[in-house]
């Protein structure tokens, strides 16, 4: 018969609580992103699908490392406890902070894109003027050659 050390179970439970907190904070990333971009129901579905696929893989790896892949109730309860503790305490503030950070980064990236867009417009205007000048120069050269050929011919 297998003997499971109770101290190992306690440590495993604490690890699973930490994973639950991590899962909640990871989900808060999605929540802040949705708040910033006003996601549609369709995009929320796929975001949740991606979230649950990632969480499923992480939970599988956690179970593999803590209990050799055996599903233990105390590990699943620990994940739920960690998630709920984080959700009802830290999550509200974390989403607000993430939203502010995402909004700031969005504004900065918009300014950078606007700056690069202005540089590209300026550059294309210069290239356009240069191309027009080269076209005029080539036409003049072509006309000179035509006159020379008519004189010789």
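We did not get these values from a lab; they are worked out from the coordinates using the rules stated. Keep in mind that what you see is a predicted model, and the values were worked out from it rather than measured. All Cβ positions, even for glycine, are placed from backbone atoms using ideal geometry, and neighbour counts span all protein chains on display.
By how many degrees, 0 to 90 and rounded to 10, does the Cα axis of helix 91-152 deviate from the longest principal axis of the chain?
Tilt of helix 91-152: around 20 degrees.
For residue 54 and residue 39 in one chain, what is 0.36 nm times their gap in residues minus the Cα-Cα distance, to one decimal in nm?
On the way: separation 15, 0.36 × 15 = 5.40 nm, distance 1.99 nm.
Residue separation times 0.36 nm, minus the Cα-Cα distance, leaves 3.4 nm.
Please list 135-144, 20-29, 50-59 highest first by mean number of surrounding beta-carbon atoms within 10 Å per residue. Before the final figure, lay out the partial values.
Numbers: 135-144: 10.0, 20-29: 19.1, 50-59: 13.1.
Averaged packing, sorted descending, gives the order 20-29, 50-59, 135-144.
Could you order the peptides 83-90, 121-128 from most to least packed, using the average number of other C-beta atoms within 10 Å per residue? Before the final figure, lay out the partial values.
Numbers: 83-90: 15.8, 121-128: 10.0.
Descending packing order for the listed peptides: 83-90, 121-128.
Against the longest principal axis of the chain, how steep is helix 73-89, in degrees 0 to 90 to the nearest 10, with axes from Cα atoms?
Compared with the principal axis, the helix lies near 60 degrees.
If you line up the long axis of helix 41-67 against the longest principal axis of the chain, both from Cα atoms, how many degrees apart are they, to the nearest 10?
Rounded to the nearest ten degrees, it is 50.
Residue separation times 0.36 nm, minus the C-alpha to C-alpha distance between residue 139 and residue 70: what's the value? Write down the numbers at each step before the final one.
Details: separation 69, 0.36 × 69 = 24.84 nm, distance 8.12 nm.
Length gained, residue 139 through residue 70: 16.7 nm.
Peptides 114-120, 72-78, 6-12: what's the order by average Cβ count within 10 Å, highest mean first? Please list the in-between numbers first.
Numbers: 114-120: 10.0, 72-78: 16.1, 6-12: 12.3.
Highest-to-lowest ranking by the protection proxy: 72-78, 6-12, 114-120.
Whole Å is fine, so just give me how far the alpha carbon centre of the stretch 106-141 lies from that of the stretch 1-51.
Taking the Cα centre of each part, the stretch 106-141 and the stretch 1-51 sit 48 Å apart.
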